[in-house]
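Each reported figure results from applying straightforward, stated rules to the coordinates on display, with no laboratory input. For clarity, every value in this text was computed on a predicted model and none was experimentally measured. A quick note on method: Cβ atoms are made from the backbone with ideal geometry, for glycine too, and the neighbour counts reach across all protein chains shown.
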Amino acid sequence: MIIHRRRGFTMVEVMVAIVLLTVGVMALVGSSAMVSRMIGRGRESTLAVQVATARVERLRRIAASTTPRCSSPGFTTDSAITAGVSERWIVDPPAASGLSRGVSVIVTYHDARGLVHDTLRTVVLCG
Amino acid sequence: MTSRRRGFTLVEMLVALVLVTAVVGVTYALLVQNQRVSRAQIEHAGLQDNVRTGALVVANELREIGYDSIPVSSGLAVSPSVSPDLLVMLSGRLEYKAMRGIGFTCTAPTASELRLQRTTVLGARQPQAGDSVTAHVESDSATATDDAWVHAVITSVGNGVCAGGSPAVSLQVAYSGAVGALAPAKMSVGGPVRYFEVMELRYYKSGGKSWLGSRSVSAGGVIEPMLGPLADSTAGVRGLTFTYLDRNGAPAVLPNDVREIAWTLKGVTGGAVRNAGTAALAVDSLALSTSVALRNTLR
């Protein structure tokens with residue numbers, strides 16, 4: 001009598017192993033792609049934040065260019081497109097004290113997920 | 001009869017070998033790819049970090065730049081006169097006075113000495129020889145219109161004693177021009193003294209790469225890289241360009257007219273990396289433009 005001792009893996013086992021391996025490899029590749037996307041988004045937001053920061057500084061310079069401060073016609077709500085970033089800035093009406101004005105800069109830009117809006121809010125001294 | 005030939009046949013062996021080679025090959029390719037992507041990610045993150053730091057650090061360094069103003073009403077002979085904090089204003093280099101701290105006098109100032117109460121001397125570091133100072137001239141304490149800040153250079157720093165006996169930092173100073181003969185008598189005891197280090201920011205080349213370097217001119221230091229690598233001057237946009245704007249946003253000619261400094265910083269990756277959308281390796285760059293409004297107020 002011939003004894004068959006066929007050890008080894010069945011087809012099903014092999015397939016399950018392949019599926020598991022594939023899932024693992026895909027997760028690895030996927031996480032790497034995600035990190036790449038996040039870095040890409042960081043690049044866009046870095047640029048946009050600098051556009052907003054530069055706008056605030058520009059408004060500060062304009063606010064300080066007149067005596068009394070904040071009376072320049074250029075110190076007003078407006079919008080522009082700078083380095084591919086669309087920015088809109090809002091100068092609040094004078095506060096009761098007259099010593100400061102609130103300023104918001106809203107930047108709009110594209111990243112991998114679509115349109116992103118970021119708002120930078122600060123106070124410009126007028127006293 | 002029992003056949004006891006265990007083991008693999010040659011064919012099985014060959015098939016297994018081919019399969020193992022294929023799997024190892026694919027895994028290795030993935031690993032190499034992953035390593036390359038990871039390196040690119042590190043480089044890109046570093047690049048962003050670099051230009052962001054540049055925007056922040058430069059802004060913080062330059063924000064306090066101003067000028068000393070001596071109004072006519074102060075009664076000082078050299079009025080009106082200004083001593084700007086901005087000393088050199090070029091597109092790739094600037095020299096400026098960076099405030100490093102403040103202290104308050106505790107004895108009557110003389111033409112050669114400002115004695116500061118040690119406990120009031122606060123700042124990023126202690127005053128040093130070579131630093132410049134601006135001392136407050138109070139004159140008539142009933143009005144602010146005759147107040148002035150006058151400029152002097154610290155020739156040496158030593159220890160002293162205040163009028164009340166507490167320890168003091170003694171600054172030996174040299175005033176520029178006729179101010180020295182008139183101003184100290186008009187200063188009040190307890191008046192503020194700010195001290196400044198003359199600093200230089202420069203775009204320069206070292207080791208085949210371009211950098212933003214910083215140097216203390218007061219201390220006679222050598223230029224050291226602050227951040228980089230930046231794009232070379234031969235590449236389309238230069239790695240660093242400063243622009244000086246006056247109160248109306250037009251290019252300023254004189255240091256006293258500067259109200260805003262704008263700059264473009266173009267960082268590059270340390271080496272060739274794989275960039276999004278391309279298979280080829282190339283140096284990636286990121287240009288960032290920003291500006292800072294100077295304080296530039298009377299002080």
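The figures follow:
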{"read-out": "Per-residue mean of C-beta atoms belonging to partner chains within 10 Å, peptide B:251-260", "value": "1"}
{"read-out": "Positive-end residue of B:258, B:208, B:187, charge dipole of segment B:183-277 with Cβ unit charges", "value": "B:208"}
{"read-out": "Rounded to 10°, Cα long-axis angle of helix B:10-62 versus longest principal axis of chain B", "value": "10"}
{"read-out": "Contact order normalised by residue count of chain B, Cα under 8 Å, 6+ apart, percent", "value": "20"}
{"read-out": "Sorted by Cβ neighbour density within 10 Å, fewest at the top, the residues B:186, B:97, B:205", "value": "B:205, B:186, B:97"}
{"read-out": "Distant-in-sequence amide H partners of residue B:210 (H built 1.01 Å from N, under 5 Å)", "value": "B:230"}
{"read-out": "Phi-based couplings in Hz for segment B:259-269 (Karplus 6.51, -1.76, 1.60; Gly and Pro marked x)", "value": "10, 8, 10, 10, 8, 10, 10, 10, x, 10, 6"}
{"read-out": "Label-point separation in nm, residue A:31 to residue A:106, each point 7 Å along Cα→Cβ", "value": "3.9"}
{"read-out": "Segment B:93-155-segment B:239-256 distance, computed between alpha-carbon centres (Å)", "value": "28"}
{"read-out": "Most mobile of A:99, A:21, A:59 in a GNM of chain A (Cα contacts under 10 Å)", "value": "A:21"}
{"read-out": "Over segment B:146-211, relative contact order from alpha-carbon pairs under 8 Å, at least 6 apart, %", "value": "22"}
{"read-out": "Cα-based helix-to-principal-axis angle, A:11-64 vs chain A, degrees rounded to 10", "value": "10"}
{"read-out": "Whole-number D in µm² s⁻¹ for chain B, Kirkwood Cα-pair radius fed into Stokes-Einstein, 4 °C, 1.567 mPa s", "value": "56"}
{"read-out": "Qualifying aspartates and glutamates (Cα of each under 13 Å from Cα of residue B:266; at least 8 residues distant if same chain)", "value": "B:49, B:232, B:284"}
{"read-out": "Average Cα contact separation per residue, segment A:66-118, under 8 Å, 6 or more apart, as relative contact order %", "value": "24"}
